[in-house]
Every structure is written in structure tokens, then in C-alpha cells.
1. With aliphatic (A, V, I, L, M) and not in a helix (DSSP H, G or I) as the only criterion, which of LEU66, LEU76, LEU89 stands out?
2. For residues in the stretch 70-97 being within 47 Å of the chain's Cα centre (by Cα) and basic (Lys, Arg), which is surrounded by the most Cβ atoms within 10 Å (Cβ to Cβ)?
3. Output the qualifying pairs, or none if there are none: Cβ atoms under 8 angstrom, residues six or more apart or on different chains, first residue in the stretch 70-95 and on the phi > 0 side of the Ramachandran plot and among the basic types (Lys, Arg), second residue loosely packed, with under 10 Cβ neighbours inside 10 Å and not in a loop (DSSP other than H, G, I, E, B).
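None of the figures in this text is laboratory data; all of them are computed from the coordinates on show. Computed from a prediction, not measured in an experiment: that's the story for all the values here. Backbone-built Cβ (ideal geometry, glycine too); neighbour counts: all protein chains shown.
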Amino acid sequence: MKDKLEQLFYFGLGSALMAKEKLEQAGESAKGLKEENERKAREFFDQAVAKGSEERGRLKEEVKQLLKEAIDELGLASKADLDALREELARQRQGQS
């Protein structure tokens, strides 16, 4: 009977230690997964920001081109046209003086 109780005690102790080791291993594994997931999330974020920045530049140029076409179609004066007109008026005023 004493041997059976002793074996039962060692069985309980051994089981508890094995469970502790398994939990520690699982904790280390989870920590590694967490670090890997954080790294992947950072990479994804950086890639998304870079892609968004590239797209912003492309869209900006596309909008500029569309505005230029609309201004041309409507026959509106551009900044260059207005500057040339101002220079012409200034020359005419100087000639009258």
C-alpha cells in the first residue's frame, strides 16, 4: 500500500512538472508567433503606405492632366496667358508715358 501511495505521489508530481514544461513551451511558442505576426503586420503597413504614396502621385498627375484638358476645351486663360497680358499692358502703359 505504501508503494502504491508513493507511486501515486510521484505520478502526480511528475504530471504537474510535465504540464508545467508543456505550458512553458507553449508560452515560448506563442511569444515567437506574436513577434512574427507583429513583424508581418509592420511589413504590410509599410507596403500599404508606399503603395498609397505612389498612387497619390499618379492620381495627382492624372487630375492635373484632366484639368488642363478642361481648361483648353473651355477656352479659359491660363496663368501664362494672364502673365503675358500683364506684360503687354505694362509695355503699352510705358509707351504712353
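1. Testing whether each residue is aliphatic (A, V, I, L, M) and not in a helix (DSSP H, G or I) leaves just LEU76.
2. Step by step, filter the stretch 70-97, then rank; the result is ARG86.
3. Pairs that qualify, where the first residue is on the phi > 0 side of the Ramachandran plot and among the basic types (Lys, Arg) and the partner is loosely packed, with under 10 Cβ neighbours inside 10 Å and not in a loop (DSSP other than H, G, I, E, B): there are none.
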